[in-house]
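**Q** My questions all concern the structure below.
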Amino acid sequence: MKQKIEVYFLKLILVLVISAVPLLGQAQVVTSPNTNLTLQFELKDNGIPTYQLSYKGKAVIKPSALGLEIKNGPSFMDGFTVINTEKATVDSSWEPVMGEEKTIRNNYNELVVTLSQVKNNNRYIRIRFRVFNDGLGFRYEFPKQNDLNYFVIKEEHTEFQLAGDHKIFWIPGDYDTNEYAYTTSKISEIPSLMKQATVFLNAQSPIKELAVQTPSMMKTADGLYINIHEAALINYPAMSLNVDATTFKMSSHLTPDAVGNNGYLQTDAQTPWRTIVVSDKATDILASKLILNLNEPTKYKDVSWIKPMKFIGVWWEYFVAGKSTWAYGKENNVKLDQDFSKLTPNGKHGATNERVKEYIDFAAKNGFDAVLVEGWNVGWEDWIGNWKEEVFDFVTPYPDFDVKALHTYATSKGVKIIMHHETSGSATNYERRLDQAFQFMKDNGYNAVKTGYVGQIIPRGEHHDGQWMVNHYIHVAERAADYKIMVDSHEAVRPTGLNRTYPNWIAQESARGTEFEAMGGLNPDHTTILPFTRLMGGPMDFTPGIFQTDLSYYNTGGKQRVNTTLVKQLAYYVTMYSPLQMAADIPDNYNRFPDAFQFIKDVAVDWDASYILEAEPGDYITIARKAKAKNEWFVGGITDENSRIAIVPFDYLPKSKKYVAIIYSDAKEASWNVNPQKYTIQKVVVTSKSNLKQYLAPGGGFAISIKEATTSEIKELKKL
């Protein structure tokens, strides 16, 4: 009798579940905490999962399909039934180790939809949506189950059906480089502009389909700002966006591996978050912390050794002065096992004991934390372009670089030396030598390393943005943490907020940075776009601070120039966030402009609060920030090739107090290409009620440092 009752109840439960399915199949709606954003999930015909997103009633993403195609089994594209939905609300806060804010609020409404495929033995997945006040994050989750364990991804088919022919700031889709110049156009114009946008670079693999990279920044005709990217890229290939320039639909395109597969997952597993940041204010895009919030907190128990740094380096002179080289010898065929003391010196090696001591002295005199030295180690003679596996061993210095003596000298001056590990793209060689290299650093007092991945990747056939390399970068960060070493990676996959999870991975390049000013130049609008694109994923080692902007000064015969005013270079320390900031020019040039150099010496690199005062992608940005644990504020403003007047309020200053503002501004006759080094400096008293109308020259900027005023300063200085 008991068995019959159990069977009866099981049948009853089954009937109830089946009768509930139509309700679960209806559209599921969740809004942002402030109700501005509305997400709707729905199964369409044949059980195809779709979503759509609106902002204040305006369509951001029209109904768009979700799903993945796999190689060793049926796809996750259709045939789904909704078997469960869950909703939750989270409102919490957390403190980053370093950042633009002391405290970050994490506030969202969540919808988790569990989907089952009856035709595939009820195999099931989850799609998790989180709707924040500033956007949406969603990902696919694959729980451990009997009929799903290990699978190979053929392609992810996440769609972003845009509502119109938006203005877009884009770079070409590529598996190996992010170092393209940005193009501004309509989506419909991308096909006609792609060829000229895909310029030659050292290591590149343009996507054959029409595609752009993320973060992708757009503006609609009716004033919405939309940014599409990803968060928490772990054990998965980076995503680019296929573009249908006729229907304005974008769709995910994953970076393949050496055999053409797009990823390997074993349950329990999940994809990175797909992110859509939305607002009708451009300033809200720059203020968004959605991507950081979608990353996991760090598991490091001790983070006290992770510190922000301001540094100089033996670096820029390699690009512009023509007097220094990374390589020591004249030879162009070297091997790691040879005697490098027998090389024929080329007479231009930059990383010599004498030269490095000069940089250490300059750093100590001017209050810098560290000196980066590139070209210190053997192997540079034939490193580039050869797809050679064992180029560097990361522990053997050239004959004119004394590691221990320089460590002793730097320590006596209170200065660190930053290690440089150029891998030449040979990740296999680097991983084999990683522990030896990090132990060498620890033994010789190095606590930070700049890694580089110039060239084609080894394992051969892998890409900079593929799953194998994504895991490699994380492995380097984790292993570095075991030695209490901070990492600044160049030529790595674009960041996705992982500096929260791995806070010793303090900065990345992953875009066209200052070095390109010596290799063709950057358009004046380039740095008014980067904060809306590349910097959405994390801090950038942009290497600002170039004072000698006309590079013909070095008598190299060329007409190359840095396409900014000198003062715009100062502003970058505020507008281009990084806890690792370089004063990238040659010390001699700072000695020529000591009053302007003072701002670089003063400016903070870690912050309690940031205020995005005004912004328009491709045109201008003005940001104010409060220094960490200090009553000091810094303001930076930049513009594109057009002059403008910035409106700068000071209402973020504490009330009832007076402050001294030192304003560094372009001279009236200055521009990025005429009189770029002409500037003015003035001191004024400001309060929270003050407002400034500040002129910016074409390709120019302004910078302001603010400290509490003394009684004598209040009496002597003009009030704004």
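The values are calculated or read from the model by the stated rules, or taken from the named source; none is laboratory data. Quick caveat, the model's predicted, so the values are computed rather than measured. Every residue, glycine among them, receives a Cβ derived from its backbone with ideal geometry; neighbour counts consider all protein chains shown. With ligands, DNA and RNA removed, areas are computed over all heavy atoms of the protein, side chains included. Shrake-Rupley method; radii C 1.70, N 1.55, O 1.52, S 1.80 Å.
**Q** Here is a list of conditions, (1) under 20 Å from residue 528 (Cβ atoms); (2) part of a strand (DSSP E or B); (3) of a type in the set (D, E, K, R), and residue 626 meets all of them except one; can you say which number that is?
**A** Status for residue 626: all satisfied but (1).
**Q** A further question follows. Counting only residues that are polar (S, T, N, Q) and farther than 28 Å from residue 527 by Cα, which one in the range 129-186 is nearest to the chain's Cα centre (by Cα)?
**A** 158
**Q** Then there's this: Looking at (1) modelled with pLDDT under 95; (2) on the phi < 0 side of the Ramachandran plot, can you tell me which one residue 330 breaks?
**A** Unmet condition: (1).
**Q** For the range 41-61, what are the residues that are buried (at least 18 other Cβ atoms within 10 Å of the Cβ) and in contact with a Phe, Trp or Tyr (Cβ under 8 Å, 6 or more places away or on another chain)?
**A** 41, 43, 47, 49, 50, 51, 61
**Q** Here's something else I'd like to know. Suppose the filter is of a type in the set (Ser, Thr, Tyr) and farther than 23 Å from residue 529 by Cα; does residue 590 pass it? Break it down into steps so the answer makes sense when it comes.
**A** Working: of a type in the set (Ser, Thr, Tyr): yes; farther than 23 Å from residue 529 by Cα: yes.
Considered against the rule, which asks whether it is of a type in the set (Ser, Thr, Tyr) and farther than 23 Å from residue 529 by Cα, residue 590 comes out as yes.
**Q** Sticking with this one: Condition test on residue 536, is it closer than 22 Å to residue 318 by Cβ and out of contact with any Leu (no Cβ under 8 Å at 6 or more places or on another chain)?
**A** no
**Q** Somewhere in the range 373-383, is a residue open to solvent by 60 Å² or more (accessible area, probe 1.4 Å) and not in a helix (DSSP H, G or I)?
**A** no
**Q** OK, next. Residue check: is residue 546 in a loop (DSSP other than H, G, I, E, B), at pLDDT 95 or above, on the phi < 0 side of the Ramachandran plot and β-branched (Val, Ile, Thr)?
**A** In short, yes.
**Q** Would you be able to tell me the number of residues in the range 297-323 that are part of a loop (DSSP other than H, G, I, E, B), modelled with pLDDT under 95 and either under 23 Å from residue 541 (Cβ atoms) or open to solvent by 70 Å² or more (accessible area, probe 1.4 Å) (or both)?
**A** Total satisfying the criteria: 2.
**Q** Let me ask something additional. Looking only at residues in the range 662-686 that are free of Cβ contacts under 8 Å to residues at least 60 places away in the same chain and in contact with a Leu (Cβ under 7 Å, 6 or more places away or on another chain), which one is surrounded by the most Cβ atoms within 10 Å (Cβ to Cβ)?
**A** Among those residues, the one meeting the criterion is 686.
**Q** Would it be correct to say that residue 496 is among the polar types (S, T, N, Q) and open to solvent by 20 Å² or more (accessible area, probe 1.4 Å)?
**A** Judged against the criteria, residue 496 is not a match.
**Q** Could you check residue 639 against (1) open to solvent by 10 Å² or more (accessible area, probe 1.4 Å); (2) farther than 27 Å from residue 486 by Cβ; (3) hydroxyl-bearing (Ser, Thr, Tyr); (4) touching a strand residue (DSSP E or B) at 6+ places or on another chain (Cβ under 7 Å) and say which number it fails?
**A** Going through the list (1) open to solvent by 10 Å² or more (accessible area, probe 1.4 Å); (2) farther than 27 Å from residue 486 by Cβ; (3) hydroxyl-bearing (Ser, Thr, Tyr); (4) touching a strand residue (DSSP E or B) at 6+ places or on another chain (Cβ under 7 Å), residue 639 breaks only (1).
**Q** Give the number of residues within the range 209-250 that are among the hydroxyl-bearing types (Ser, Thr, Tyr), within 30 Å of residue 150 (Cα to Cα) and out of contact with any His (no Cβ under 6 Å at 6 or more places or on another chain).
**A** Narrowing the range 209-250 to residues among the hydroxyl-bearing types (Ser, Thr, Tyr): 214, 216, 220, 225, 236, 240, 246-247.
Okay, now just the ones that are also within 30 Å of residue 150 (Cα to Cα), so 214, 236, 240.
With the extra rule that they be out of contact with any His (no Cβ under 6 Å at 6 or more places or on another chain), the set shrinks to 236.
Summing the residues that are among the hydroxyl-bearing types (Ser, Thr, Tyr), within 30 Å of residue 150 (Cα to Cα) and out of contact with any His (no Cβ under 6 Å at 6 or more places or on another chain) in the range 209-250 gives 1.
**Q** Applying the selection to the range 33-86, what residues are in a strand (DSSP E or B) and of a type in the set (D, E, K, R)? I'd like the intermediate steps shown before the answer.
**A** Start the filter on the range 33-86 by keeping residues that are in a strand (DSSP E or B), which leaves 37-44, 48-55, 58-65, 68-70, 76, 80-86.
42, 44, 58, 62, 69, 86 - these are the residues of the range 33-86 that are in a strand (DSSP E or B) and of a type in the set (D, E, K, R).
**Q** Consider the range 384-421. How many of its residues are farther than 20 Å from residue 364 by Cα, open to solvent by 10 Å² or more (accessible area, probe 1.4 Å) and not aromatic (Phe, Trp, Tyr)?
**A** Selection size over the range 384-421: 12.
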